[in-house]
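Below is one structure, written out as structure tokens, with a few remarks after it.
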Amino acid sequence: MQRRVSRATLLKGLAGLAVGALSGKLYFDWQRSASQVSCRMLGPSMSRGHALRDGKASKMPDAPTENTAIVIVGGGIAGLSAGWWLKKRGFSDFVLLELEQQVGGNSSAGKNRFSAYPWGAHYVPVANKESEYVLALFEELGVIEGYDAAGNPIYNDLYLCHEPQERLFKDGSFQEGLVPHRGLQPEEKEELDRFFTLIQKLRSATGSDGRPAFAIPIELSSKDEDLIALDRISMAQWLNQNGFRTEPLLWYVNYCCRDDYGSAIEDVSAWAGIHYFAGRRGVAANAEQNSVVTWPEGNGFLVDKLKQQLDGHIKSGALVTAIAARDRRYITTYVESSTGRCLAAKSACVIFSAPRFLATHIVDGYEMTGHHELVYAPWLVANISLNRIPDARGAPLSWDNVDFRSRSLGYVVATHQTISARQGPTVITYYYPLSGENPAAARKRLLSTSADEWSKTIVDDLKRMHPGIAEEILSIDLWPWGHGMIRPSVGFIWGDTRRRMKADYGNVFFAHSDMSGISNFEEAQYQGVEAAKRALAALGAA
């Protein structure tokens, strides 16, 4: 779910070294004396997606076929970015088809009377210099307001995450930051210092090809063999090989991998695990290197801005069932959810920006060897409306709040960016990755567990940090992500499966963060823009 906030604490350490379909309503209580609380299980349209997977969706259009130059399949960040680039290049002969009623994918958002809030990804770090597409979009949207004399971007202060950013609940009270630092043994402190020193070296390293050792997007990283080899072992193995074995460090690194990849250090490649820490080298004229930009609705802010630019091109509630080549054109068949009609669009090119495992079910004749090897991490996200957040011992309420002993990733405060709304009713967004278990079994548990059971688990978890929180809850909305994000398993980032995923199929151009192996805004945007470039070249319109 692209939740990597703890990297901010990492970079502080480095600086120190330098100096839907399941909707319903249930009621329950948690041994409360007050009235019962509303809980809804929401979520993406899994029933329609499963119908497509199982071959039960119609593939025969029953209405006239419309003509367009490019069809974009999928309205997540990759698809929206493809459309953004086409419009940026003055090209407007395209249509974007999205299964859900709203675009955004893992960056979608909601809103109630207290605040807007994210359903997944909720921030973007200040951009690296090589992240050219991010910088260009941020300039357009006013996220970057200009550049100083040294060429460093000046970010809009309203969008930079306000202080305090992070805190960790450990040993009965909160400490500032997410790296454990209170009550450490000498060997634990030494190990943390040594880890950050090594990460500092890796962050500044370049390969023999002159590229950064770890870049964003990852395709711009060095391909030196000693770096690529890190993809062939797990992060847990790399830590052990380098003598990192104490609990505070292992907890922190494991937290970070669960945070970014929904997976434990045993299930993530060392290259991906290190990239989490060493890949961020963003600079800003008016903010520390550890800063991020965020909004109450998370990356839903960016979704809304991109959607506005694509007004008139988006068809939501459109389940794409087939893409077939006919007479040097492509027929994209889709079911319109509002009417049940099966429609079709004829185009010269298709940009397929839906999750890659769907391609073999949709694109006629396409078979990607190894697609069954793709592993997706399931998540549960909860947005909880509160009268207020109860006080707790230690560091004050922060944007990101984490419990050292929890299986969750804690919560972020939607109203944190709204200074005037920090007191009184608020919404917190709680993240729970089902890591440490078989993904297929975890998906089954995610969807078979009732809203009542999940809500009790969440409230019991939050009670450790805030014993009185149950009495403050007004409602809980749950959102299960069965295929929340692709897992960068050992051997995946620089292996044969991902290499094959990057290959286009005729004039069907693939675009999704799955093709990077890391599910975040920058990678999804990069894949979308690169696919749009290839489509324009195929049309002679580059």
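The values are calculated or read from the model by the stated rules, or taken from the named source; none is laboratory data. Treat the numbers as computed from the prediction; the structure is a model and nothing was measured. Cβ: placed from backbone, ideal geometry, glycine included. Neighbour counts: every protein chain shown. Note: areas computed on protein heavy atoms with side chains; ligands, DNA, RNA excluded. Shrake-Rupley method; radii C 1.70, N 1.55, O 1.52, S 1.80 Å.
For LEU250, are the conditions met, namely being open to solvent by 50 Å² or more (accessible area, probe 1.4 Å), closer than 30 Å to ARG405 by Cβ and of a type in the set (A, V, I, L, M, F, W, C)? Walk me through how you get there before you give the answer.
On the way: open to solvent by 50 Å² or more (accessible area, probe 1.4 Å): yes; closer than 30 Å to ARG405 by Cβ: yes; of a type in the set (A, V, I, L, M, F, W, C): yes.
Taking the combined requirement at face value, the residue satisfies it.
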* **Selected residue [at pLDDT 95 or above, exposed (fewer than 14 other Cβ atoms within 10 Å of the Cβ) and part of a loop (DSSP other than H, G, I, E, B)] from LYS223, LYS201** => LYS223
* Considering (1) open to solvent by 30 Å² or more (accessible area, probe 1.4 Å); (2) outside any loop (DSSP other than H, G, I, E, B); (3) closer than 15 Å to GLU219 by Cβ; (4) small (Gly, Ala, Ser), say which one ALA524 fails and leave the rest. => (1)
* Asked: When residues of the stretch 268-291 are filtered for being touching a helix residue (DSSP H, G or I) at 6+ places or on another chain (Cβ under 8 Å) and more than 17 Å from PHE214 (Cα to Cα), how many remain?
  -> 2
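Results for (1) touching a helix residue (DSSP H, G or I) at 6+ places or on another chain (Cβ under 8 Å); (2) β-branched (Val, Ile, Thr); (3) surrounded by 21 or more Cβ atoms within 10 Å (Cβ to Cβ), shown as yes or no for each residue.
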site: LEU434; (1), (2), (3): yes, no, yes
site: ASN438; (1), (2), (3): no, no, no
site: SER448; (1), (2), (3): no, no, no
site: THR457; (1), (2), (3): no, yes, no
site: ASP460; (1), (2), (3): no, no, no
site: LEU474; (1), (2), (3): no, no, no
site: ILE493; (1), (2), (3): yes, yes, yes
site: ARG500; (1), (2), (3): no, no, no
site: ALA503; (1), (2), (3): no, no, no
* Asked: From the list LEU178, LEU184, which residue is under 22 Å from LEU239 (Cα atoms), in a loop (DSSP other than H, G, I, E, B) and open to solvent by less than 10 Å² (accessible area, probe 1.4 Å)?
  -> LEU178
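For the subset of the stretch 437-455 comprising residues that are assigned to a loop (DSSP other than H, G, I, E, B) and within 22 Å of the chain's Cα centre (by Cα), which member is nearest to ILE469 (Cα to Cα)?
Applying the first criterion (assigned to a loop (DSSP other than H, G, I, E, B)) to the stretch 437-455 yields 437-438, 449-450.
When the remaining residues are screened for being within 22 Å of the chain's Cα centre (by Cα), the result is 437-438.
Details: GLU437: 29, ASN438: 32 Å.
So, considering only residues that are assigned to a loop (DSSP other than H, G, I, E, B) and within 22 Å of the chain's Cα centre (by Cα), the one nearest to ILE469 (Cα to Cα) is GLU437.
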* Select, from GLY75, GLY83, the only residue that is at pLDDT 95 or above, open to solvent by less than 20 Å² (accessible area, probe 1.4 Å), farther than 25 Å from ASN286 by Cβ and not in a loop (DSSP other than H, G, I, E, B). => GLY83
